[in-house]
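Novice: Dropping a structure here in structure tokens format, bear with me for questions.
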Amino acid sequence: MKPIQHFRLVLLAAFVAFASSATLHAAQPNIIIFLADDLGYADIGANGCKDIPTPNIDSLAKNGVRFTDGYANHPVCSPSRAGLMSGRYQHRFGFEHNSGPERFAADNFGLPRTEPTLAERLKPLGYATGMVGKWHIGFKEGLRPHERGFDYHFGFLSGAHTYLPGKTDNDPLVRNGQPVTDEKEYLTDAFAREAVGFLDRSQGKPFFLYFAFNAVHAPLEATGKYESRFPGISDSKRKTYAGMLSAMDDAIGRVLAKVRELGQEDNTLIFFYSDNGGPTSQTTSRNDPLRGYKGQLFEGGIRVPFLAQWKTKLPPGRTNTQSVMAFDIHATALVAAGGKLPTDRPLDGVDLMPFLLGEKTGAPHDRLFWRAGQQKAARVGDWKLVDARTGAPMLFNLKDDIGEQHDLAAQNPAKLKELQAAYEAWSKEMQPTQWRRQDSRTQGAGKATAQNAPRGGGIETRFQQYDRNKDGKLTPGEFPREGIFKQMDRNADGIVTSDEARMFYSSRPQGGAKEK
Ligand code: CA
């Protein structure tokens, strides 16, 4: 080939490469996921909250879609976030429990590196990837946000953090893994500053911002600036909670304003949701009209505020009543970015856009499942199975009974059986849990392996011997050794579950329990 021909070919190839990347970029939306922590279903104006205005959060509903039946993947923080980041039922890789504090966390705690995060999927598509806030799906080297696909992370790794600067916390703030010791701002304000800074630095590329607040999770801490907005709230706990929520709404407003300032509002796909329902009595969060709270599989533990905005695609002010779950955000973002859904493993999340645009009829999911230790739940159409740790399995029809007040199990044994069978079929596809939540009392009980099963017949066998009526739990009558019973009953509800018994025995030195 003559040099001049070769030069032309190189030029042509370079032009084609440039043109295709420019075309891809032009078609790629920016993506923002705002994740609230422990925010209850009725905690935003768009879902009926009256005493705490959330205008910036509500603007997403006004300009986009409000999902009435949007679910978190799990009733507590950490597994819920693993579901979002992986796009899958987190049980597929045994991620079923919180970690407990870092110093007690099981050795194997975290999102395995074999499960790609959304950031790891978007980065190769040309995205600038940034995360601000609470991670909670891995502490160890190799499992932290800046090592899991995020170009930038500012925040913390564990499940909770103080909001007030200067207050000591066991879990340091980090920037790309390095401790930050000079933070001067209220944490939610600091997060807003960092999110806006990331957007400023990310021009020329589509961006993915994962903004994972710890608001409005405990501890209840707000500044005068925010609390003083609520002179009409006399309850001091509620006033502080209102301040925290108002600060989060402001932070979202600052990010939305920056997106507008950058001229990117039309081309940005935004999601807002909460990682689990409100813990109500702890924080004054509200889940009404739903039953239950954080940690439970009644709707109050898993059905959450859930909004989406994408101005050039989604018509404003729509309400969607189909069941959707957080892992759908993963799939929707990936497809919007021009990515392909993985074929090497089931991605349980589905791309919601064809459903929202009316291109696909039917529902994104005809069934959804939750498993949290001994708690089980399934939603199939309007029917919901809730099998809590205690009592008989319950059956509700959410269409007529959103508050899960009327247990229809006895009236509809066939329907109950159908949902139980659906649940069992799903559960069989999942992995057993790879660890249990640990704190100072349960240290050493983390790995759910045969290693920490007690010797001599095994705890399951002994548990079954004591459980005379075979209902899966022990009462003081069935287990008359009061001292040990109290130690086993971690949540002091007067009943010992097999989980509690297992945790108790596996955290003790070999030789078994001694009555104190
Ligand atoms: Ca949470």
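Novice: Which of rounded, prolate or oblate describes the chain when judged by the alpha-carbon gyration tensor and an a/c cut-off of 1.5? Write down the numbers at each step before the final one.
Specialist: Working: a/c = 1.57, a/b = 1.53, b/c = 1.03.
Verdict is prolate for the chain.
Novice: Calculate the length of the line joining the C-alpha centroid of segment 157-223 to that of segment 381-406, in whole Å.
Specialist: Cα centres, segment 157-223 to segment 381-406: 38 Å.
Novice: Still on this structure: Add +1 for every Lys or Arg and -1 for every Asp or Glu among the other residues with Cβ under 10 Å from the Cβ of Ala326, and state the total. Can you show the working numbers first?
Specialist: On the way: positive: Arg81; negative: Asp275, Asp328.
With Lys, Arg at +1 and Asp, Glu at -1, the neighbours total -1.
Novice: Any of Lys50/Lys384; Lys360/Lys428; Lys384/Lys415; Lys134/Lys294 with alpha carbons more than 20 Å apart? Name them for me.
Specialist: Details: Lys50/Lys384 29 Å; Lys360/Lys428 30 Å; Lys384/Lys415 10 Å; Lys134/Lys294 18 Å.
Among Lys50/Lys384; Lys360/Lys428; Lys384/Lys415; Lys134/Lys294, the Cα-Cα distance tops 20 Å for Lys50/Lys384; Lys360/Lys428.
Novice: So how far apart, in nm, are the two label points at Arg193 and Ala257 if each is 7 Å from Cα heading toward Cβ?
Specialist: Going by the 7 Å Cα→Cβ label model, 1.5 nm.
Novice: What does DSSP give for the chain in terms of the percent of beta bridges that are antiparallel, rounded to the nearest 5? Numbers along the way, then the final one.
Specialist: Numbers: 29 of 57 bridges.
Around 50 percent antiparallel, to the nearest 5.
Novice: R0 = 35 Å: FRET efficiency of Glu120 with Lys486, Cβ-based, nearest 0.05?
Specialist: Details: r = 46 Å, r/R0 = 1.32.
For R0 = 35 Å, the calculated efficiency reads 0.15.
Novice: Spin-label point model (7 Å from Cα, Cβ direction): what's the Arg103 to Thr312 distance in nm?
Specialist: Each label point is offset 7 Å from its Cα along the Cβ direction, giving 5.1 nm.
Novice: Determine, for each peptide in 54-62, 129-137, the mean count of other beta carbons within 10 angstrom over its residues, then list the peptides with the highest first. Kindly include the intermediate steps, with their values, before the conclusion.
Specialist: Values: 54-62: 20.8, 129-137: 27.2.
So the peptides 54-62, 129-137, ranked by packing, come out 129-137, 54-62.
Novice: Another question, if that's okay. Sort Ser99, Ser498, Ser202 so that the residue with the fewest other Cβ atoms within 10 Å of its own Cβ comes first and the one with the most comes last. Before the final figure, lay out the partial values.
Specialist: Numbers: Ser99 26, Ser498 18, Ser202 21.
By the 10 Å Cβ count, ascending: Ser498, Ser202, Ser99.
Novice: What are the DSSP H helices in the chain that stretch 18 Å or more along their long axis, judged by alpha-carbon atoms, and whose average Kyte-Doolittle hydropathy comes to at least 1.0? Can you show the working numbers first?
Specialist: Values: long enough: 3-27 (36 Å, 1.23); 187-201 (21 Å, 0.15); 236-261 (37 Å, -0.33); 413-429 (24 Å, -0.91).
Membrane-span-like by this criterion, though nothing is claimed about a membrane: 3-27.
Novice: Of Ile31, Ile302, Ile495, how do they rank once you tally other Cβ atoms within 10 Å and put the fewest first?
Specialist: Details: Ile31 25, Ile302 31, Ile495 19.
Going from least to most buried by this count: Ile495, Ile31, Ile302.
Novice: To make sure I understand the rule: partners must be lysines, Cα under 19 Å from the Cα of Lys140, and not fewer than 8 residues away in the same chain. Which ones qualify?
Specialist: Lys447
Novice: For segment 196-351, take the convex hull of the Cα atoms, compute a quarter of its surface area, and give me that in nm², please. All intermediate terms of the calculation are to be shown ahead of the outcome.
Specialist: Values: hull surface 47.2 nm².
Here the figure is 11.8 nm², rounded to one decimal.
Novice: Continuing with the same structure: First select every other residue whose beta carbon is under 9 angstrom from the beta carbon of Val216; then total the charges, Lys and Arg +1, Asp and Glu -1. Could you put the intermediate results ahead of the total?
Specialist: Numbers: positive: none; negative: Asp37, Asp38, Asp43.
Residues close to Val216 contribute a combined charge of -3.
Novice: Working out 0.36 nm times the residue gap between Asp401 and Lys237, then minus their Cα-Cα distance, what length gain in nm do you get to one decimal?
Specialist: Numbers: separation 164, 0.36 × 164 = 59.04 nm, distance 3.06 nm.
Stretched out fully, the Asp401 to Lys237 stretch lengthens by 56.0 nm.
Novice: Continuing with this model, one more query. When Lys and Arg each count +1 and Asp and Glu each count -1, what net charge do the other residues less than 12 Å away from Cys77, Cβ to Cβ, add up to? Show your work: numbers first, answer last.
Specialist: On the way: positive: Arg81, Lys134, Lys294, Arg437; negative: Asp37, Asp38, Asp275.
Summing Lys/Arg as +1 and Asp/Glu as -1 gives +1.
Each value in this text was obtained by applying a stated rule to the coordinates, not by laboratory testing. Model, not experiment: these values are computed from the prediction. We place every Cβ from the backbone using ideal geometry, glycine too, and count neighbours over all the protein chains shown.
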